[in-house]
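The values are calculated or read from the model by the stated rules, or taken from the named source; none is laboratory data. Quick caveat: nothing in here was measured; it's all calculated off a predicted structure. All Cβ positions, glycine included, derive from the backbone under ideal geometry; neighbour counts span all protein chains shown.
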Amino acid sequence: MKHMTRFLWLAGLLTLCLCLAFTACDGGDTSETTPALSETDTPTEPVTEAPSEESAELSETEILTEAPTAAPTEEITEPETEPPTLMLTVDLDKVATDDAGAFVTRPTKCDVSFENDETEGKVLRMTTKGITAVGTAKPYILLELGDLVASVNGILPNTTEYPHVVLKVRAHELWSRSLSFFGGTTAREAGTADGFARVTRVADSDDWQYVYLNLTPFTKNWSVFYLNFEKAAGKNGEYMDLAEVHFFATAEEAAALCPAVSDTYPIVEQTMEDYTLKVMSFNVQTENGTQVDFDLRAELLRDLMDELQPDSIGMQEVTTGWIYRMDTFAFNKSYAGVGEGRTPGGEASSIYYRKDKFDLVASGTFWLSETPDVAGSYLEASLYPRICTWAHLRDKVTGYEYIHINTHLDHLGNSKGGKELRTAQIRVILEYIQSFPDVPMVMTGDFNHAKTTSAENIYAMFKNILGISTFTSSTGESITGNFSDARTEAAETVSPDAWASLTAYWQEGTDSYNPAKKPIDYVFYTTGDFEAMVYRNIHYHRDGIYMSDHLPQYCELHVKVAADGE
(Lines give C-alpha, C1' and ligand atoms only; values in the text may rest on other atoms or scores of the structure.)
Protein backbone atom coordinates (compact mmCIF):
# COMPACT_ATOMS: atom_id res chain seq x y z
CA MET A 1 0.00 0.00 0.00
CA LYS A 2 2.81 2.30 0.89
CA HIS A 3 4.53 1.48 -2.43
CA MET A 4 1.30 2.14 -4.38
CA THR A 5 0.87 5.50 -2.70
CA ARG A 6 4.50 6.53 -3.62
CA PHE A 7 3.89 5.40 -7.23
CA LEU A 8 0.78 7.51 -7.58
CA TRP A 9 2.57 10.54 -6.07
CA LEU A 10 5.40 10.27 -8.63
CA ALA A 11 2.95 9.82 -11.49
CA GLY A 12 1.08 12.97 -10.49
CA LEU A 13 4.31 14.90 -10.28
CA LEU A 14 5.32 13.73 -13.77
CA THR A 15 1.91 14.69 -15.13
CA LEU A 16 2.27 18.20 -13.65
CA CYS A 17 5.72 18.65 -15.31
CA LEU A 18 4.42 17.59 -18.70
CA CYS A 19 1.58 20.07 -18.48
CA LEU A 20 3.95 22.87 -17.63
CA ALA A 21 6.19 21.90 -20.55
CA PHE A 22 3.36 21.97 -23.08
CA THR A 23 2.21 25.33 -21.73
CA ALA A 24 5.71 26.77 -22.30
CA CYS A 25 5.81 25.41 -25.88
CA ASP A 26 2.50 27.08 -26.80
CA GLY A 27 3.94 30.47 -25.74
CA GLY A 28 0.72 31.69 -24.26
CA ASP A 29 -1.09 34.88 -25.26
CA THR A 30 1.48 37.67 -25.88
CA SER A 31 -0.87 40.28 -27.31
CA GLU A 32 -0.77 42.32 -24.15
CA THR A 33 3.00 42.30 -23.65
CA THR A 34 4.34 42.57 -27.29
CA PRO A 35 3.00 45.56 -29.33
CA ALA A 36 2.48 45.05 -33.04
CA LEU A 37 4.97 46.86 -35.43
CA SER A 38 3.59 49.63 -37.57
CA GLU A 39 4.63 50.13 -41.26
CA THR A 40 7.21 52.70 -40.15
CA ASP A 41 8.65 50.85 -37.17
CA THR A 42 11.92 49.02 -37.51
CA PRO A 43 12.76 46.14 -35.19
CA THR A 44 15.96 46.55 -33.23
CA GLU A 45 16.54 42.79 -33.07
CA PRO A 46 15.83 40.00 -35.52
CA VAL A 47 12.27 38.74 -35.23
CA THR A 48 12.09 34.91 -35.18
CA GLU A 49 8.95 32.92 -35.71
CA ALA A 50 7.84 30.53 -32.96
CA PRO A 51 8.01 26.86 -33.89
CA SER A 52 4.78 25.28 -35.08
CA GLU A 53 2.92 22.57 -33.26
CA GLU A 54 4.22 19.99 -35.73
CA SER A 55 7.84 20.87 -34.97
CA ALA A 56 7.23 20.51 -31.27
CA GLU A 57 6.64 16.81 -31.76
CA LEU A 58 9.97 16.25 -33.63
CA SER A 59 13.02 14.76 -32.01
CA GLU A 60 16.00 16.95 -31.13
CA THR A 61 17.92 15.70 -34.16
CA GLU A 62 15.05 16.44 -36.55
CA ILE A 63 14.59 19.92 -35.15
CA LEU A 64 18.25 20.89 -35.75
CA THR A 65 18.30 19.57 -39.31
CA GLU A 66 16.91 21.92 -41.99
CA ALA A 67 14.30 20.33 -44.18
CA PRO A 68 15.26 20.23 -47.91
CA THR A 69 13.74 22.96 -50.06
CA ALA A 70 11.75 22.17 -53.15
CA ALA A 71 13.44 22.46 -56.56
CA PRO A 72 12.86 25.85 -58.26
CA THR A 73 10.15 25.88 -60.85
CA GLU A 74 11.62 28.82 -62.90
CA GLU A 75 14.39 28.28 -65.51
CA ILE A 76 17.88 29.28 -64.32
CA THR A 77 19.61 31.80 -66.71
CA GLU A 78 23.29 32.63 -66.92
CA PRO A 79 24.27 36.13 -65.72
CA GLU A 80 24.43 38.68 -68.55
CA THR A 81 27.92 39.60 -69.84
CA GLU A 82 29.03 43.18 -70.31
CA PRO A 83 28.55 44.43 -73.90
CA PRO A 84 31.73 45.30 -75.85
CA THR A 85 33.14 48.72 -75.10
CA LEU A 86 33.99 51.19 -77.84
CA MET A 87 37.76 51.48 -77.56
CA LEU A 88 38.80 55.12 -77.88
CA THR A 89 42.17 54.41 -76.29
CA VAL A 90 44.37 51.36 -76.80
CA ASP A 91 46.29 50.43 -73.65
CA LEU A 92 49.83 49.44 -74.58
CA ASP A 93 50.31 48.01 -71.10
CA LYS A 94 47.85 45.34 -72.22
CA VAL A 95 49.98 44.60 -75.25
CA ALA A 96 53.06 44.30 -73.07
CA THR A 97 51.34 42.11 -70.48
CA ASP A 98 49.94 39.62 -72.97
CA ASP A 99 51.84 37.77 -75.64
CA ALA A 100 53.10 40.62 -77.79
CA GLY A 101 53.26 38.32 -80.78
CA ALA A 102 49.47 38.19 -80.80
CA PHE A 103 49.11 41.91 -81.48
CA VAL A 104 52.47 43.19 -82.79
CA THR A 105 53.54 41.11 -85.78
CA ARG A 106 55.63 41.14 -88.93
CA PRO A 107 58.45 43.43 -87.78
CA THR A 108 60.43 44.23 -90.91
CA LYS A 109 63.91 45.76 -90.79
CA CYS A 110 63.41 46.32 -87.09
CA ASP A 111 63.18 44.67 -83.67
CA VAL A 112 60.21 45.11 -81.34
CA SER A 113 60.50 45.23 -77.55
CA PHE A 114 58.68 46.66 -74.56
CA GLU A 115 60.57 49.10 -72.38
CA ASN A 116 59.83 50.76 -69.05
CA ASP A 117 59.64 54.54 -69.29
CA GLU A 118 59.84 56.81 -66.25
CA THR A 119 56.75 58.78 -67.22
CA GLU A 120 54.83 56.57 -69.65
CA GLY A 121 55.12 53.10 -68.15
CA LYS A 122 55.33 50.33 -70.72
CA VAL A 123 56.18 51.61 -74.20
CA LEU A 124 56.56 49.81 -77.50
CA ARG A 125 60.05 50.29 -78.95
CA MET A 126 60.80 49.76 -82.65
CA THR A 127 64.55 49.59 -83.39
CA THR A 128 66.08 49.42 -86.86
CA LYS A 129 68.17 46.40 -87.77
CA GLY A 130 69.47 44.82 -90.95
CA ILE A 131 70.08 48.20 -92.63
CA THR A 132 72.66 47.78 -95.37
CA ALA A 133 72.08 50.85 -97.56
CA VAL A 134 71.31 54.34 -96.33
CA GLY A 135 67.91 55.67 -97.21
CA THR A 136 66.47 52.50 -98.75
CA ALA A 137 65.13 50.23 -95.97
CA LYS A 138 61.63 50.98 -94.64
CA PRO A 139 61.29 49.57 -91.11
CA TYR A 140 57.71 48.83 -90.02
CA ILE A 141 55.49 46.71 -87.80
CA LEU A 142 51.93 45.44 -88.08
CA LEU A 143 49.74 46.27 -85.08
CA GLU A 144 46.57 44.18 -85.02
CA LEU A 145 44.29 46.50 -83.14
CA GLY A 146 41.18 44.41 -83.75
CA ASP A 147 42.63 41.44 -81.90
CA LEU A 148 43.96 43.67 -79.15
CA VAL A 149 40.65 45.36 -78.34
CA ALA A 150 38.77 42.06 -78.70
CA SER A 151 41.01 40.61 -75.97
CA VAL A 152 39.59 43.16 -73.53
CA ASN A 153 36.01 42.84 -74.83
CA GLY A 154 36.22 45.99 -76.90
CA ILE A 155 35.44 47.10 -80.44
CA LEU A 156 37.25 49.58 -82.68
CA PRO A 157 35.53 52.70 -83.97
CA ASN A 158 35.15 53.10 -87.71
CA THR A 159 36.78 55.89 -89.65
CA THR A 160 33.45 57.47 -90.57
CA GLU A 161 32.45 58.23 -86.99
CA TYR A 162 35.94 58.36 -85.49
CA PRO A 163 38.24 59.60 -88.26
CA HIS A 164 41.06 61.10 -86.20
CA VAL A 165 43.96 59.17 -84.70
CA VAL A 166 46.54 60.48 -82.25
CA LEU A 167 49.78 58.68 -81.45
CA LYS A 168 52.17 59.57 -78.67
CA VAL A 169 55.72 58.87 -79.86
CA ARG A 170 59.34 59.62 -79.16
CA ALA A 171 62.02 59.53 -81.85
CA HIS A 172 65.69 58.82 -81.31
CA GLU A 173 68.32 59.78 -83.91
CA LEU A 174 66.09 58.95 -86.86
CA TRP A 175 67.53 59.57 -90.30
CA SER A 176 64.04 60.10 -91.68
CA ARG A 177 61.45 61.71 -89.42
CA SER A 178 58.31 60.84 -91.35
CA LEU A 179 55.77 58.55 -89.70
CA SER A 180 53.38 56.60 -91.91
CA PHE A 181 50.13 54.95 -90.88
CA PHE A 182 48.73 52.34 -93.30
CA GLY A 183 45.45 50.70 -92.30
CA GLY A 184 42.71 48.43 -93.51
CA THR A 185 40.39 45.60 -92.57
CA THR A 186 43.12 43.05 -93.26
CA ALA A 187 46.90 43.10 -93.44
CA ARG A 188 46.70 42.50 -97.19
CA GLU A 189 44.40 45.47 -97.67
CA ALA A 190 46.38 47.89 -95.52
CA GLY A 191 48.24 50.42 -97.62
CA THR A 192 46.47 49.48 -100.86
CA ALA A 193 43.87 51.48 -102.73
CA ASP A 194 41.20 49.69 -100.65
CA GLY A 195 42.79 50.76 -97.38
CA PHE A 196 44.20 54.09 -96.33
CA ALA A 197 47.58 55.72 -95.85
CA ARG A 198 48.51 58.81 -93.92
CA VAL A 199 51.88 60.42 -93.29
CA THR A 200 52.89 62.94 -90.66
CA ARG A 201 56.13 64.62 -89.69
CA VAL A 202 57.74 63.89 -86.33
CA ALA A 203 59.40 66.86 -84.68
CA ASP A 204 63.18 66.92 -84.59
CA SER A 205 63.30 66.16 -80.88
CA ASP A 206 63.79 63.19 -78.56
CA ASP A 207 60.97 64.42 -76.30
CA TRP A 208 57.58 62.75 -76.17
CA GLN A 209 55.19 64.27 -78.67
CA TYR A 210 51.70 63.73 -80.03
CA VAL A 211 51.21 63.31 -83.77
CA TYR A 212 47.84 63.71 -85.39
CA LEU A 213 46.50 61.83 -88.42
CA ASN A 214 43.21 62.61 -90.14
CA LEU A 215 41.49 59.61 -91.75
CA THR A 216 38.41 61.55 -92.88
CA PRO A 217 38.41 60.36 -96.54
CA PHE A 218 38.34 56.69 -95.51
CA THR A 219 34.93 55.26 -94.65
CA LYS A 220 35.54 51.53 -94.19
CA ASN A 221 35.94 49.87 -90.82
CA TRP A 222 39.50 48.80 -90.14
CA SER A 223 41.28 46.68 -87.56
CA VAL A 224 44.96 46.52 -88.54
CA PHE A 225 47.60 49.05 -89.44
CA TYR A 226 51.22 49.11 -90.47
CA LEU A 227 53.32 51.65 -88.65
CA ASN A 228 56.30 52.74 -90.74
CA PHE A 229 58.38 54.79 -88.31
CA GLU A 230 61.04 55.80 -90.86
CA LYS A 231 60.37 56.18 -94.55
CA ALA A 232 64.01 55.34 -95.11
CA ALA A 233 66.37 54.24 -92.35
CA GLY A 234 69.90 55.56 -92.16
CA LYS A 235 71.60 53.04 -89.90
CA ASN A 236 71.01 50.26 -87.40
CA GLY A 237 69.98 51.15 -83.86
CA GLU A 238 67.67 54.08 -84.66
CA TYR A 239 64.40 53.73 -82.80
CA MET A 240 60.98 55.16 -82.10
CA ASP A 241 58.88 54.56 -78.98
CA LEU A 242 55.08 54.37 -79.02
CA ALA A 243 53.29 55.12 -75.74
CA GLU A 244 49.64 55.77 -76.64
CA VAL A 245 47.12 55.19 -79.44
CA HIS A 246 43.94 57.28 -79.27
CA PHE A 247 40.83 57.46 -81.44
CA PHE A 248 38.56 60.52 -81.46
CA ALA A 249 35.29 61.41 -83.14
CA THR A 250 36.21 64.95 -84.03
CA ALA A 251 39.19 67.05 -84.89
CA GLU A 252 38.43 69.21 -81.85
CA GLU A 253 38.80 66.24 -79.51
CA ALA A 254 42.06 65.21 -81.14
CA ALA A 255 43.33 68.77 -81.04
CA ALA A 256 42.53 68.90 -77.33
CA LEU A 257 45.00 66.09 -76.74
CA CYS A 258 47.63 67.53 -79.05
CA PRO A 259 48.97 70.77 -77.62
CA ALA A 260 48.78 73.64 -80.05
CA VAL A 261 52.10 74.03 -81.83
CA SER A 262 52.74 77.01 -84.06
CA ASP A 263 53.66 75.62 -87.45
CA THR A 264 54.37 78.90 -89.16
CA TYR A 265 57.50 80.82 -90.03
CA PRO A 266 58.26 84.17 -88.41
CA ILE A 267 57.54 87.20 -90.54
CA VAL A 268 60.52 89.49 -90.85
CA GLU A 269 59.46 93.11 -90.69
CA GLN A 270 60.61 95.10 -93.70
CA THR A 271 60.34 98.71 -94.70
CA MET A 272 60.08 99.67 -98.35
CA GLU A 273 63.65 100.95 -98.17
CA ASP A 274 65.02 97.44 -97.53
CA TYR A 275 62.26 95.30 -99.04
CA THR A 276 63.54 91.97 -100.40
CA LEU A 277 61.67 89.08 -102.01
CA LYS A 278 62.83 85.47 -101.73
CA VAL A 279 61.71 83.51 -104.79
CA MET A 280 62.25 79.91 -105.92
CA SER A 281 61.72 77.64 -108.90
CA PHE A 282 61.66 73.86 -108.51
CA ASN A 283 60.70 70.96 -110.76
CA VAL A 284 59.85 68.41 -108.08
CA GLN A 285 59.57 65.43 -110.50
CA THR A 286 56.53 63.19 -110.69
CA GLU A 287 56.35 59.71 -109.18
CA ASN A 288 57.96 58.33 -112.33
CA GLY A 289 61.67 57.87 -112.84
CA THR A 290 62.84 57.79 -109.22
CA GLN A 291 63.14 55.03 -106.63
CA VAL A 292 63.27 57.47 -103.72
CA ASP A 293 60.20 57.12 -101.51
CA PHE A 294 57.61 59.81 -102.17
CA ASP A 295 57.19 60.73 -98.52
CA LEU A 296 60.93 60.92 -97.99
CA ARG A 297 61.15 63.38 -100.88
CA ALA A 298 58.44 65.48 -99.24
CA GLU A 299 60.41 65.41 -95.99
CA LEU A 300 63.51 66.67 -97.80
CA LEU A 301 61.44 69.44 -99.38
CA ARG A 302 60.16 70.45 -95.94
CA ASP A 303 63.73 70.59 -94.63
CA LEU A 304 64.60 72.92 -97.50
CA MET A 305 61.56 75.13 -96.88
CA ASP A 306 62.50 75.38 -93.20
CA GLU A 307 65.92 76.63 -94.21
CA LEU A 308 64.97 79.06 -97.00
CA GLN A 309 61.39 80.17 -96.16
CA PRO A 310 60.75 81.66 -99.62
CA ASP A 311 58.01 84.21 -100.23
CA SER A 312 56.79 82.36 -103.30
CA ILE A 313 57.91 79.28 -105.16
CA GLY A 314 57.00 78.10 -108.64
CA MET A 315 56.70 74.30 -108.86
CA GLN A 316 56.63 72.08 -111.92
CA GLU A 317 55.44 68.47 -112.37
CA VAL A 318 53.10 68.79 -109.41
CA THR A 319 50.90 65.69 -109.38
CA THR A 320 47.91 65.04 -107.13
CA GLY A 321 50.20 62.96 -104.91
CA TRP A 322 52.55 65.91 -104.58
CA ILE A 323 49.70 68.31 -103.88
CA TYR A 324 48.56 66.20 -100.95
CA ARG A 325 52.08 66.03 -99.50
CA MET A 326 52.75 69.71 -100.10
CA ASP A 327 49.50 70.79 -98.48
CA THR A 328 49.80 68.51 -95.45
CA PHE A 329 53.49 67.84 -95.01
CA ALA A 330 56.09 69.68 -97.09
CA PHE A 331 54.69 73.20 -96.58
CA ASN A 332 53.65 74.42 -93.17
CA LYS A 333 50.67 76.59 -92.30
CA SER A 334 52.42 79.71 -93.56
CA TYR A 335 51.72 78.67 -97.17
CA ALA A 336 48.86 78.31 -99.60
CA GLY A 337 48.97 77.06 -103.18
CA VAL A 338 47.25 77.97 -106.46
CA GLY A 339 47.16 76.21 -109.81
CA GLU A 340 45.37 73.47 -111.72
CA GLY A 341 46.39 70.48 -113.78
CA ARG A 342 47.12 70.82 -117.49
CA THR A 343 44.52 68.06 -117.87
CA PRO A 344 41.95 66.93 -115.25
CA GLY A 345 44.01 65.30 -112.51
CA GLY A 346 47.21 65.92 -114.50
CA GLU A 347 50.42 67.78 -113.73
CA ALA A 348 50.14 71.30 -112.39
CA SER A 349 52.57 74.22 -112.35
CA SER A 350 51.54 75.29 -108.88
CA ILE A 351 52.65 78.44 -107.07
CA TYR A 352 52.94 78.35 -103.29
CA TYR A 353 53.13 81.66 -101.45
CA ARG A 354 53.34 82.97 -97.88
CA LYS A 355 49.66 83.46 -97.08
CA ASP A 356 50.59 84.83 -93.67
CA LYS A 357 52.55 87.60 -95.39
CA PHE A 358 50.64 88.21 -98.65
CA ASP A 359 47.05 88.58 -99.73
CA LEU A 360 46.14 86.83 -102.97
CA VAL A 361 44.77 89.57 -105.22
CA ALA A 362 44.09 87.25 -108.17
CA SER A 363 45.41 84.07 -109.77
CA GLY A 364 44.82 81.85 -112.76
CA THR A 365 46.10 79.29 -115.23
CA PHE A 366 46.20 79.55 -119.02
CA TRP A 367 47.22 77.10 -121.72
CA LEU A 368 50.17 77.61 -124.08
CA SER A 369 48.14 77.51 -127.26
CA GLU A 370 46.46 79.77 -129.77
CA THR A 371 43.43 79.74 -127.43
CA PRO A 372 45.07 80.08 -124.00
CA ASP A 373 41.80 80.40 -122.09
CA VAL A 374 40.56 77.05 -123.40
CA ALA A 375 41.43 74.33 -120.89
CA GLY A 376 43.36 71.45 -122.41
CA SER A 377 44.32 73.28 -125.61
CA TYR A 378 47.87 73.13 -127.00
CA LEU A 379 49.99 74.05 -129.98
CA GLU A 380 49.96 71.52 -132.79
CA ALA A 381 53.60 70.43 -132.38
CA SER A 382 53.31 69.88 -128.63
CA LEU A 383 53.05 66.35 -127.24
CA TYR A 384 50.94 67.44 -124.26
CA PRO A 385 48.99 70.49 -123.18
CA ARG A 386 51.35 72.96 -121.47
CA ILE A 387 50.28 75.62 -118.99
CA CYS A 388 51.31 78.77 -117.16
CA THR A 389 50.03 79.61 -113.68
CA TRP A 390 50.21 83.07 -112.12
CA ALA A 391 49.51 84.68 -108.75
CA HIS A 392 49.09 88.39 -108.00
CA LEU A 393 50.26 89.00 -104.41
CA ARG A 394 50.05 92.02 -102.10
CA ASP A 395 52.07 92.44 -98.90
CA LYS A 396 49.69 92.68 -95.92
CA VAL A 397 51.80 95.35 -94.19
CA THR A 398 53.47 97.49 -96.84
CA GLY A 399 50.97 97.00 -99.66
CA TYR A 400 53.77 96.07 -102.06
CA GLU A 401 52.49 94.04 -105.04
CA TYR A 402 54.08 91.65 -107.52
CA ILE A 403 52.98 88.90 -109.89
CA HIS A 404 54.64 85.48 -109.89
CA ILE A 405 54.44 83.64 -113.24
CA ASN A 406 55.36 79.95 -113.44
CA THR A 407 55.54 77.55 -116.38
CA HIS A 408 56.88 74.27 -117.76
CA LEU A 409 57.68 74.23 -121.48
CA ASP A 410 57.60 71.26 -123.82
CA HIS A 411 60.30 68.62 -123.34
CA LEU A 412 60.99 67.84 -127.01
CA GLY A 413 64.68 67.49 -127.77
CA ASN A 414 67.03 70.09 -129.15
CA SER A 415 65.84 69.61 -132.69
CA LYS A 416 64.88 72.64 -134.70
CA GLY A 417 61.22 71.76 -134.19
CA GLY A 418 61.68 71.60 -130.41
CA LYS A 419 63.34 74.98 -130.29
CA GLU A 420 60.65 76.55 -132.42
CA LEU A 421 57.89 75.02 -130.29
CA ARG A 422 59.30 76.36 -127.05
CA THR A 423 59.84 79.77 -128.65
CA ALA A 424 56.17 79.77 -129.66
CA GLN A 425 55.12 78.81 -126.12
CA ILE A 426 57.19 81.65 -124.62
CA ARG A 427 55.54 84.08 -127.00
CA VAL A 428 52.08 82.91 -125.82
CA ILE A 429 53.15 83.78 -122.27
CA LEU A 430 54.63 87.16 -123.15
CA GLU A 431 51.53 88.10 -125.14
CA TYR A 432 49.12 86.93 -122.44
CA ILE A 433 50.75 88.91 -119.63
CA GLN A 434 50.36 92.16 -121.57
CA SER A 435 46.89 92.32 -120.01
CA PHE A 436 48.23 91.99 -116.45
CA PRO A 437 48.37 94.99 -114.10
CA ASP A 438 51.48 97.14 -114.37
CA VAL A 439 53.24 95.70 -111.32
CA PRO A 440 56.65 94.03 -110.88
CA MET A 441 56.86 90.42 -112.09
CA VAL A 442 59.01 87.34 -111.58
CA MET A 443 58.88 84.39 -113.94
CA THR A 444 60.06 80.92 -112.93
CA GLY A 445 60.01 77.57 -114.64
CA ASP A 446 61.50 74.55 -116.29
CA PHE A 447 62.16 75.86 -119.79
CA ASN A 448 63.63 72.57 -121.01
CA HIS A 449 66.25 74.52 -122.92
CA ALA A 450 69.67 76.07 -122.36
CA LYS A 451 69.84 79.82 -122.74
CA THR A 452 72.92 79.85 -124.95
CA THR A 453 74.59 77.74 -127.57
CA SER A 454 78.03 76.22 -127.10
CA ALA A 455 79.38 79.45 -128.63
CA GLU A 456 77.43 81.40 -125.98
CA ASN A 457 74.93 82.81 -128.44
CA ILE A 458 71.48 83.39 -126.93
CA TYR A 459 68.62 81.35 -128.37
CA ALA A 460 65.63 83.18 -129.85
CA MET A 461 63.17 82.28 -127.06
CA PHE A 462 65.44 83.88 -124.45
CA LYS A 463 66.05 86.92 -126.64
CA ASN A 464 62.28 87.47 -126.50
CA ILE A 465 62.26 87.07 -122.70
CA LEU A 466 65.22 89.41 -122.20
CA GLY A 467 63.86 92.08 -124.55
CA ILE A 468 66.71 91.66 -127.03
CA SER A 469 64.32 90.98 -129.90
CA THR A 470 60.63 91.48 -130.63
CA PHE A 471 57.93 89.32 -132.21
CA THR A 472 54.55 90.00 -133.76
CA SER A 473 51.59 88.97 -131.63
CA SER A 474 48.36 87.34 -132.84
CA THR A 475 46.80 90.82 -132.97
CA GLY A 476 49.64 92.24 -135.03
CA GLU A 477 51.35 94.07 -132.16
CA SER A 478 55.10 94.13 -131.75
CA ILE A 479 55.91 92.56 -128.35
CA THR A 480 59.07 91.91 -126.40
CA GLY A 481 59.85 90.89 -122.86
CA ASN A 482 61.37 93.01 -120.15
CA PHE A 483 63.06 90.42 -117.93
CA SER A 484 66.55 89.80 -116.57
CA ASP A 485 68.14 86.46 -115.68
CA ALA A 486 68.76 86.32 -111.92
CA ARG A 487 71.48 83.69 -112.32
CA THR A 488 73.70 85.91 -114.44
CA GLU A 489 72.79 89.24 -112.84
CA ALA A 490 72.91 88.53 -109.10
CA ALA A 491 75.66 90.16 -107.08
CA GLU A 492 76.26 86.83 -105.33
CA THR A 493 75.72 83.93 -107.67
CA VAL A 494 76.82 80.47 -108.75
CA SER A 495 80.06 79.96 -110.62
CA PRO A 496 79.34 79.65 -114.36
CA ASP A 497 80.86 76.19 -114.46
CA ALA A 498 78.39 75.03 -111.77
CA TRP A 499 75.15 76.17 -113.35
CA ALA A 500 73.85 72.69 -114.23
CA SER A 501 70.31 72.41 -112.84
CA LEU A 502 69.79 68.67 -113.35
CA THR A 503 71.08 66.21 -110.76
CA ALA A 504 72.20 63.92 -113.56
CA TYR A 505 74.91 66.47 -114.35
CA TRP A 506 76.33 66.10 -110.85
CA GLN A 507 78.19 63.16 -109.45
CA GLU A 508 75.72 61.52 -107.07
CA GLY A 509 76.26 62.47 -103.46
CA THR A 510 79.13 64.86 -104.13
CA ASP A 511 79.70 68.46 -105.08
CA SER A 512 81.37 67.47 -108.35
CA TYR A 513 79.62 68.49 -111.56
CA ASN A 514 79.99 68.46 -115.30
CA PRO A 515 80.90 72.04 -116.22
CA ALA A 516 79.96 71.46 -119.85
CA LYS A 517 76.28 71.08 -118.96
CA LYS A 518 73.97 74.06 -118.94
CA PRO A 519 70.90 74.89 -116.82
CA ILE A 520 67.32 74.55 -118.04
CA ASP A 521 65.60 75.95 -114.91
CA TYR A 522 65.41 79.73 -114.47
CA VAL A 523 64.27 82.69 -112.39
CA PHE A 524 63.61 85.89 -114.36
CA TYR A 525 62.47 89.28 -113.06
CA THR A 526 61.29 92.52 -114.64
CA THR A 527 64.44 94.51 -115.13
CA GLY A 528 63.43 97.93 -113.84
CA ASP A 529 61.77 96.63 -110.68
CA PHE A 530 64.39 94.52 -108.90
CA GLU A 531 68.06 94.14 -108.24
CA ALA A 532 69.20 90.52 -107.96
CA MET A 533 71.21 90.13 -104.77
CA VAL A 534 71.67 86.36 -104.28
CA TYR A 535 71.28 83.40 -106.61
CA ARG A 536 71.79 79.78 -105.55
CA ASN A 537 71.63 76.58 -107.57
CA ILE A 538 70.81 74.44 -104.55
CA HIS A 539 72.72 71.20 -104.61
CA TYR A 540 70.63 69.66 -101.83
CA HIS A 541 70.70 65.96 -100.98
CA ARG A 542 70.88 63.69 -97.95
CA ASP A 543 73.66 61.11 -98.16
CA GLY A 544 73.43 61.18 -101.94
CA ILE A 545 69.63 60.94 -102.09
CA TYR A 546 67.93 63.74 -104.04
CA MET A 547 64.26 64.63 -103.92
CA SER A 548 64.08 65.29 -107.68
CA ASP A 549 66.00 65.02 -110.93
CA HIS A 550 66.15 68.84 -110.87
CA LEU A 551 67.89 71.13 -108.41
CA PRO A 552 65.92 73.96 -106.75
CA GLN A 553 66.72 77.49 -107.93
CA TYR A 554 66.67 80.23 -105.28
CA CYS A 555 67.18 83.98 -105.47
CA GLU A 556 66.76 87.11 -103.38
CA LEU A 557 65.52 90.23 -105.15
CA HIS A 558 65.80 93.71 -103.69
CA VAL A 559 62.96 96.04 -104.69
CA LYS A 560 64.55 98.87 -106.69
CA VAL A 561 61.48 101.05 -106.97
CA ALA A 562 61.31 101.37 -103.19
CA ALA A 563 64.96 102.35 -102.97
CA ASP A 564 64.45 104.95 -105.68
CA GLY A 565 61.48 106.39 -103.81
CA GLU A 566 59.07 105.77 -106.66
Among (1) more than 24 Å from residue 196 (Cβ to Cβ); (2) part of a strand (DSSP E or B); (3) acidic (Asp, Glu), the one test that residue 306 misses: (2)
Region 331-366, residues that are acidic (Asp, Glu) and under 26 Å from residue 385 (Cβ atoms): 340, 347
Tally of residues being part of a loop (DSSP other than H, G, I, E, B) and either more than 17 Å from residue 158 (Cα to Cα) or at pLDDT 85 or above (or both) across region 189-218: 9
Qualifying residue in region 411-421 (condition: of a type in the set (Ser, Thr, Tyr), over 38 Å from the mean Cα position of the chain (by Cα) and assigned to a helix (DSSP H, G or I)): no
So residue 298, is it within 19 Å of the chain's Cα centre (by Cα), at pLDDT 85 or above, of a type in the set (Gly, Ala, Ser) and assigned to a helix (DSSP H, G or I): yes
Region 143-187 - residue that is within 16 Å of residue 103 (Cβ to Cβ) and of a type in the set (Asp, Glu) and, of those, surrounded by the fewest Cβ atoms within 10 Å (Cβ to Cβ): 147
Checklist (1) part of a loop (DSSP other than H, G, I, E, B); (2) at pLDDT below 90 applied to residue 174, failing item: (2)
Among the residues listed as 247, 225, the single one being over 14 Å from the mean Cα position of the chain (by Cα), farther than 14 Å from residue 107 by Cα, of a type in the set (A, V, I, L, M, F, W, C) and surrounded by 15 or more Cβ atoms within 10 Å (Cβ to Cβ): 247
Region 355-385 - residue that is touching a residue at least 60 places away in the same chain (Cβ under 8 Å) and part of a loop (DSSP other than H, G, I, E, B) and, of those, surrounded by the fewest Cβ atoms within 10 Å (Cβ to Cβ): 370
Hits in region 281-295 - residues which are out of contact with any Gly (no Cβ under 7 Å at 6 or more places or on another chain) and assigned to a strand (DSSP E or B): 282, 283
Test: residue in region 219-238 that is assigned to a strand (DSSP E or B) and small (Gly, Ala, Ser): no
Residue in region 285-301 that is within 17 Å of residue 263 (Cβ to Cβ) and touching a strand residue (DSSP E or B) at 6+ places or on another chain (Cβ under 7 Å) present: yes
Residues that are of a type in the set (Asp, Glu), in contact with a strand residue (DSSP E or B) (Cβ under 6 Å, 6 or more places away or on another chain) and not in a strand (DSSP E or B), drawn from region 484-508: 489
Residue list for region 422-448, filter: assigned to a helix (DSSP H, G or I) and of a type outside the set (S, T, N, Q): 422, 424, 426, 427, 428, 429, 430, 431, 432, 433
Qualifying position, being touching a helix residue (DSSP H, G or I) at 6+ places or on another chain (Cβ under 8 Å), modelled with pLDDT of 90 or more and surrounded by 21 or more Cβ atoms within 10 Å (Cβ to Cβ), among 447, 471: 447
Options 151, 113; residue that is at pLDDT below 90, over 23 Å from residue 204 (Cβ atoms) and of a type in the set (Ser, Thr, Tyr): 151
Test: residue in region 239-255 that is in a loop (DSSP other than H, G, I, E, B) and out of contact with any strand residue (DSSP E or B) (no Cβ under 8 Å at 6 or more places or on another chain): no
Residues of region 186-217 that turn out to be closer than 27 Å to residue 331 by Cβ and in contact with a Lys or Arg (Cβ under 9 Å, 6 or more places away or on another chain), as a count: 17
Positions within region 362-377 being touching an Asp or Glu at 6+ places or on another chain (Cβ under 7 Å) and of a type in the set (Val, Ile, Thr), in sequence order: 365
Scope region 312-330; condition within 15 Å of residue 302 (Cα to Cα) and polar (S, T, N, Q); matching residues: 312, 328
Residue count for region 295-324, restricted to those that are hydrophobic (A, V, I, L, M, F, W, C) and over 21 Å from residue 502 (Cα atoms): 1
